[in-house]
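A short worksheet on the structure shown next.
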Amino acid sequence: MSESKPNILLIYTGGTIGMIRDFKTGALKAFDFKTLLDKIPELQLLDCNIETVSNKPIDSSNMNPEYWVEIAELIETNYDKFDGFVVLHGSDTMSYTASALSFMLDNLAKPVVFTGSQLPIGDLRTDAKENLITSIQVASLQKDGIPVIQEVCLYFEYKLYRGNRTTKMNAEHFEAFASPNYNELAVSGVHLKVNKKYLFNPHVNKPFKVHKNLNSNIALIKLFPGITKGVIQSVFDTPNLRAVILETYGAGNCTTESWFINLLEDRITNGVHIVNITQCSKGSVIMGHYETSNSLKEIGVISGKDITTEAAVTKLMHLLGCNISSEIFKTTYEKPLRGEMT
């Protein structure tokens, strides 16, 4: 590897971007990343050195916390040898993985860029090449020998987002992702324009650390008019349940039926953490703003503010894995750790 050019590690975990179509059968098959430069000669125009590694590719629908740890360990093992990392991932759960990695990689001072595609890399109209090329370019951006991007992010269809602010919005368009409550970190056009004021500034004076303990004993309940006590009760009766995320209406509102509030209060008293996030794509939970959320505030429900569902889930797994005491769990969750909430 070169000392003068940035060294980028390309990690393939699976997904459409790593597939090519067999022209005889029409079937999709895995792409051999050892021949990456031969297949995509445009990469040789980038002013960086690229190495590749394939991490037991799986469909992103099968993504799980154990696999997140494997990706994090790959970055941990190679952290000192590379200046940036690009993770190729299936789009369906990419926002979950990017969010999880943002919490797991503590004091990250280098770029970790997630990307993928809606069409395979060998298709005529594929979006894979542009996503891949620009992601590597983003990961190799430096100023005075220091990476410009120092966080986990996601690049798709000409836009770079903070990873834990993203959600997949479209299964058919190339512009598959959005960042509803936070500005783009960069936009790729004729020039690659970085919005520096929105970049995350890590504690670079602290050592890089990987948190590998994730606790997935959580549940997600999306409220709807007419949801019954039995349904909610059954979720809360789940063995070993540690926390529940409630997707509420608007600015964090919910039914004021006494059975509902009493059930939540009983579970909170017994050590189950309850997080309130909004079902709306944009906006924030503001408990107490309306009477229909004041009861939640009074019984100690945690405010998820403007966090995405993906970040809410993975932040909960992360903090539960850190064994934070019940006394400070609420205040810890309500503070931004990696720029995931305003």
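Taken together, the values in this text are just the output of simple stated rules run on the coordinates, not laboratory data. These numbers come from a predicted model, not from an experiment. Here Cβ is always computed from backbone atoms with ideal geometry, including for glycine, and neighbour counts include all displayed protein chains.
For LYS222 and ASN49, what does the FRET efficiency come to when R0 = 56 Å and r is the distance between their Cβ atoms, rounded to the nearest 0.05? Show your work: numbers first, answer last.
On the way: r = 46 Å, r/R0 = 0.82.
E(calc), rounded to 0.05, equals 0.75.
The alpha carbon radius of gyration of region 7-210, expressed as a multiple of 2.2 N^0.38 Å, is 0.95.
Relative to the longest principal axis of the Cα atoms of the chain, the long axis of helix 309-321 makes an angle of roughly 80 degrees.
Could you line up GLU42, GLU157 from fewest to most neighbouring Cβ atoms inside 10 Å? Please report the intermediate quantities before stating the final value.
Details: GLU42 11, GLU157 18.
Ascending number of Cβ neighbours within 10 Å: GLU42, GLU157.
Extents of region 75-133, largest first, come to 40, 24, 15 Å (Cα atoms, principal axes, whole angstrom).
Taking packing as the residue-averaged number of other Cβ atoms within 10 angstrom, the listed peptides 127-139, 206-218 run from highest to lowest as 127-139, 206-218. For the chain, the antiparallel share of DSSP beta bridges with both residues in that region comes to about 40%.
Output the peptides 229-235, 266-272, 290-296 sorted from most to least packed, where packing is the average of other Cβ atoms within 10 Å over each peptide's residues. Can you show the working numbers first?
Details: 229-235: 12.1, 266-272: 14.1, 290-296: 17.9.
The packing order, highest mean first, is 290-296, 266-272, 229-235.
Taking 16 Å as the cut-off, the amide N atoms of region 80-98 that come nearer than this to a point 7 Å along the Cα-to-beta-carbon line of ASN170 belong to 91-92.
Compute the FRET efficiency between GLU327 and GLU298 as 1/(1 + (r/R0)^6), taking r as their Cβ-Cβ distance and R0 = 25 Å, and round to the nearest 0.05. It comes out at approximately 0.85.
Rounded to the nearest 0.05, what FRET efficiency do ASN270 and HIS203 have when you use their Cβ-Cβ distance and R0 = 41 Å?
0.70
So what's the net charge close to ASN164: Lys and Arg +1, Asp and Glu -1, counting the other residues with Cβ under 10 Å from its Cβ? Please list the in-between numbers first.
Numbers: positive: ARG162, ARG165, LYS315, ARG338; negative: GLU151, GLU310, GLU340.
With Lys, Arg at +1 and Asp, Glu at -1, the net is +1.
With a bin width of 10 angstrom, please list the P(r) values of region 218-333 as percents of all Cα-Cα pairs, from the 0 bin to the one holding the largest distance. Answer for region 218-333: a P(r) of 14, 51, 33, 2 percent. Within straight-line reach of LYS282, meaning a Cα separation under 20 Å, sit the following lysines at least 8 residues removed in sequence or on another chain: LYS159, LYS168, LYS222, LYS305, LYS315, LYS335. Helix 94-104 and the long axis of the chain differ in direction by around 80°, with both axes built from C-alpha atoms.
Computed on the Cα atoms alone, the convex hull of the chain gives a volume of 150 cubic angstrom per residue.
Of the listed peptides 309-320, 170-181, 67-78, what is their order by residue-averaged count of other C-beta atoms within 10 Å, with the highest listed first?
Details: 309-320: 24.2, 170-181: 15.7, 67-78: 17.7.
Ranking the peptides 309-320, 170-181, 67-78 by packing returns 309-320, 67-78, 170-181.
Helix 128-139 against the longest principal axis of the chain: what's the angle in degrees, Cα atoms only, rounded to the nearest 10? Helix 128-139 sits roughly 80 degrees off the main axis of the chain.
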